[in-house]
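J.: Let me give you the structure first, and then I'll get to my questions.
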Amino acid sequence: MGDRCYDCMLRSHYFTKGFSCLTYGLHEREIMMDIKYNSKGYLAVKMGDILYDRMRHELGSLDIGLIVPVPVSRERLKKRGYNQTALMARQMRSRWVMDAPEENVPETSEHILYRTRATIMLRSLNPAQRSLALEGAFAVKSGTEDGIQGRNILLIDDIYTTGATCDSCSKALLEAGASKVYVLTLCSGGNRRPSDVDVR
């Protein structure tokens, strides 16, 4: 099997390679529910440490030019008060700066990607339906293209299930001129065979 999960064996993606830190089990789900729906944004900052620890030995070889968190909709941002992926991305970069001040640590940009529309809840959808629901749901803000031209982007998200969100974001970044997009998520549904239970 090598270093490819079953998902990447079954389908191609716009991003070059993805990394994840945790399997999305019951405890991880509880943490994410607290972050998203119980106003515990401080946990997202702690999760940023986990992202950094997972990636520390990968970062140099990937030649990252910019760190971009997946955006949330305006409605969810207003209700939640924060974008959990942005909090994780900020903390990851802070750790990077502290641990490797001699390195050229890329900036984190929270204003390059935006959601073009609110999307329906994806939990009950299969991979094809998720891809359709998220088609064109993300775009690069006009006037920011110069900041990503020819750069390798590290896209940060909280949970990887089918890759539909990461693909939609990656497609927008690549079409705007990014060289490559790498994906880093806190949790994933696990390296499951297609017949295994899909943890939503």
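J.: Would you mind telling me which numbered condition in (1) open to solvent by 20 Å² or more (accessible area, probe 1.4 Å); (2) at pLDDT 95 or above; (3) assigned to a loop (DSSP other than H, G, I, E, B) V197 fails?
T.: (2)
J.: All but one of (1) open to solvent by 80 Å² or more (accessible area, probe 1.4 Å); (2) part of a helix (DSSP H, G or I); (3) over 23 Å from S170 (Cα atoms) hold for E102; which doesn't?
T.: If we test E102 against (1) open to solvent by 80 Å² or more (accessible area, probe 1.4 Å); (2) part of a helix (DSSP H, G or I); (3) over 23 Å from S170 (Cα atoms), just (2) comes out false.
J.: Starting from residues that are open to solvent by 40 Å² or more (accessible area, probe 1.4 Å) and among the polar types (S, T, N, Q), keep the ones in the stretch 1-34 and report whichever is modelled with the lowest pLDDT.
T.: Among residues in the stretch 1-34 that are open to solvent by 40 Å² or more (accessible area, probe 1.4 Å) and among the polar types (S, T, N, Q), the one modelled with the lowest pLDDT is S12.
J.: Does Y37 count as aromatic (F, W, Y), touching a helix residue (DSSP H, G or I) at 6+ places or on another chain (Cβ under 9 Å) and open to solvent by 50 Å² or more (accessible area, probe 1.4 Å)?
T.: So Y37 fits the description; yes.
J.: Moving on. Would you confirm whether any residue within the stretch 80-92 is open to solvent by 80 Å² or more (accessible area, probe 1.4 Å) and modelled with pLDDT of 95 or more?
T.: Applying the first criterion (open to solvent by 80 Å² or more (accessible area, probe 1.4 Å)) to the stretch 80-92 yields 90.
This time we only want the ones that are modelled with pLDDT of 95 or more, so: 90.
The answer is yes; a qualifying residue exists.
The values are calculated or read from the model by the stated rules, or taken from the named source; none is laboratory data. Everything numeric here is computed off the predicted structure, so don't read it as measured data. In this analysis, Cβ positions are derived from the backbone assuming ideal geometry, glycine residues included, and neighbour counts consider all displayed protein chains. Note: accessible area is taken over every heavy atom of the protein model, side chains too, but ligands, DNA and RNA are not part of it. Shrake-Rupley method; radii C 1.70, N 1.55, O 1.52, S 1.80 Å.
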